[in-house]
Amino acid sequence: MFGKSTTATLPLTVALASWLGGCGSPDSPRDLTTLQDSTAIVNILESAATCGSCITVDRVVTLGDTIEPGYIDWSIYAAVDDLGNYWVGMPRESVVKVWDAEGSFLRQVGRRGDGPMEFRRPAPVGTDGEGRMRVVDLANGRETVVNADFSYHSDRSLFPGSYQVAVPLRADGRYLVNTSRTTAGSEGVPLHIVEGLDILHSFDQMEGIEGPGFAPRVLAVDREARIYSAREVGDYLIRVWSESGARILGLRGPRLNEREASRGAWSPDNPPYSRIFAMQVDGEHRLWVLAHVRRDDWLDHLEERVMPNGGIAHVPTDDDWGYVFESRIDLIDLNSGSFIATRRHDALLEAFVGDGLVIETVENERAYPQLVVWRLGFDSSR
């Protein structure tokens, strides 16, 4: 299986010399976007020096009112349409809510149920090229297409199962899905590429699944339909696949944890583990990687609390994870194979919702949840 510990981690120049037919020259191109199939793992930290101030983070807008209908709940399921409106799936309410580019609430789309324009766990995933928003119901594997005027257009069933995430592969209706379902002859829980009810490819099988439905990954797809997959286990290894599920390479990043990640209760001897949270490839073939990493003073912000079972747990002060974690933003230039920039940021950025747009869940002064939209940028002159 790709990515086992027996696979050697190759220095970038050695690995690329092998891929380029033995050219071996230090001046050879290091374009990772042209690779077709390789078992190598590239240590991107052995490439160019990183810029500590080139990444910009600018606040764009805040979404969410203190009362219905514009009340918002925690969600990472959001997308921007062609008009700049923000569509946010509400898992608890089983509806989609829409705000305009200025943060004004527009309307609710759909309702709870299993019929047309009804949802259980809706996830807006982006427009279809005609200005219509695609919404995948992660609870029952169904795609609903909503017109720009918020009216119903169509729906279709996808491969049945409960999805953790669904990512459009191209504009032709195929999806990359992370689900708990396996297929005949497969081990672990693979990723699937589905088209309607059909599975076209299954790959990236996970071993050591801890329980039914546990197959967490962070996924991204670039414009050439290459797939980027990272597992939520505190390891900085990004696997890259073709749209047919063929392995291309692995990108090994910085060490995030001093020890193997544990899912036990936090304690001074079992610290919270840092992990990759979201990824996106931009139009310039740069891979953005968001991770939540422990703050240096994380231990100062844990307090002991008696749990319902009588045990003692260490939890963040005021249940605020921001006391324990901060965001790490990394930028990898795939055209040159370079790790070009990194930055720490206080806001806990959780998901990409559009090109360069990410969201953070916060509470306002009255303890109501809101979504803050931030824009990431790169300025090499800084």
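Coordinate-derived values only; no laboratory data. Bear in mind that the values here come from a model prediction, so they are computed numbers and not experimental data. Every residue, glycine as well, gets a Cβ built from its backbone with ideal geometry; the counts of neighbours run over all protein chains shown.
A few remarks follow.
- Each Lys and Arg contributes +1 and each Asp and Glu -1, all at the Cβ; summed about the Cα centre of the range 299-357, the dipole is approximately 200 debye.
- For the range 310-318, 3J(HN,Hα) per residue [Karplus equation, 6.51 cos²θ - 1.76 cosθ + 1.60, θ = phi - 60°, Hz, x = Gly/Pro]: x, x, 9, 10, 9, 10, x, 4, 6
- When the charge dipole of the range 219-375 is built from unit charges on Cβ atoms (+1 for Lys and Arg, -1 for Asp and Glu) and taken about the Cα centre, the candidate among L251, Y273, V306 whose Cα reaches farthest toward its positive end is L251.
- Pairwise Cα inverse-distance average, inverted: Kirkwood Rh of the range 9-378 (Å): 21.8
- The phi torsions of the range 335-347, fed into the Karplus equation with coefficients 6.51, -1.76 and 1.60 and a -60° offset, translate into couplings of 5, 10, x, 10, 8, 9, 7, 8, 7, 9, 8, 5, 5 Hz, rounded to whole numbers, with Gly and Pro shown as x.
- Cα-centred dipole magnitude for the range 46-157, charges only on beta-carbon of K, R (+1) and D, E (-1), debye, nearest 20: 360
- Rg over Rh for the range 220-345 works out to 1.07, using Cα positions for both radii and the Kirkwood form for Rh.
- With K and R counted +1 and D and E -1, the other residues having a Cβ less than 15 Å from that of E93 yield a net charge of +2.
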